[in-house]
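The values are calculated or read from the model by the stated rules, or taken from the named source; none is laboratory data. Just so you know, these numbers come straight off a predicted model, no measurement behind them. Glycine also receives a Cβ, built like all others from the backbone with ideal geometry; neighbour counts cover every protein chain displayed.
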Amino acid sequence: MGKRIIQQARGHGSLTYRVRKQAYIYEIRYPKKYGEATVLKIIHSPAHSAPLAKIRLENEIFYVAAVKGLIQGQKIMVGGKILENGNILQLKDIPFGKNICQIESAPFNGPDLIRASGTSGVVLKREGKWIAVIMPSKKEALLHEKSRATIGIVAGEGRLEKPIVKAGKAFYMKKQRNKFWPQTSAVKMNAVDHPFGSGRGKRIKSKIAKRNAPPGAKVGLLRPRRTGRTKR
């Protein structure tokens, strides 16, 4: 009798396949008020690729991804039109060609775009109430002029320059965020571990899963438009 495949085990949500709660204790958001704020501390968050900045605005404390060059004790402005590194402005107040990050997809929705370390976007042009921004993927996005963004580039761009070297280090890096690692080809498994296991010399035949198949059997081609080799 076969065993539960990894899709089933992860879906069950046991402690082995569950992320630590301590990793996600910091929530990236913008404050509700406007004015001058102070950077209290630059902290490390296991759940984020970039360092976070703990900022206080009057009696409100919030966390955002730190931008390149931001230091502890620095004063930043939330709102206004001052174009300094780390300031949080509306898109309509940011000139064309400026590097920005942590953009709101909708006004007051919270920063949910361009938050990974070393990434930034560029303000391109204006179309009525919409601002065109070039994303890190080089694609163009239209965002509302009242959406807020942070001036600068997200810190930590050299994170990928240092090699991981050992598989043990990669294991703990993936485990703290509950990432699926290592990813093993199904045909390399034993027959009891996966429906594709023991590929009989890797002469694999394509398998089309039923639409109502359970998670353990829903592997292979899922609702394919066509099968077989393409004609040239």
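List of remarks:
- The residue of the range 149-201 that is farthest from the chain's Cα centre (by Cα), among those that are of a type in the set (Ser, Thr, Tyr) and more than 17 Å from ALA116 (Cα to Cα), is SER198.
- Test: LEU70 is of a type outside the set (S, T, N, Q), out of contact with any His (no Cβ under 6 Å at 6 or more places or on another chain), assigned to a strand (DSSP E or B) and at pLDDT 90 or above: no
- Only one of the numbered conditions (1) over 30 Å from ALA186 (Cβ atoms); (2) surrounded by 15 or more Cβ atoms within 10 Å (Cβ to Cβ) is not met by THR38, and that is (2).
- Test: residue in the range 89-103 that is over 30 Å from PRO214 (Cα atoms), touching a helix residue (DSSP H, G or I) at 6+ places or on another chain (Cβ under 9 Å) and touching a residue at least 24 places away in the same chain (Cβ under 8 Å): yes
- Put simply, of LYS3, LYS81, LYS32 the only residue that is assigned to a loop (DSSP other than H, G, I, E, B), of a type in the set (D, E, K, R) and closer than 30 Å to PRO195 by Cα is LYS3.
- Among the candidates ALA37, ALA53, ALA47, residue that is in contact with a helix residue (DSSP H, G or I) (Cβ under 6 Å, 6 or more places away or on another chain) and either more than 16 Å from GLU145 (Cα to Cα) or modelled with pLDDT of 95 or more (or both): ALA47
- Selection count, the range 146-193, where residues are without any contact (Cβ under 8 Å) to a residue 60 or more places away in the chain and not in a helix (DSSP H, G or I): 18
- Taking the range 59-69 as the range and being among the hydrophobic types (A, V, I, L, M, F, W, C) and either touching a Pro at 6+ places or on another chain (Cβ under 9 Å) or closer than 15 Å to GLU36 by Cα (or both) as the test, the residues that pass are ILE61, PHE62, VAL64, ALA65, ALA66.
- Residue in the range 153-160 that is acidic (Asp, Glu) and farther than 30 Å from ASN99 by Cβ present: no
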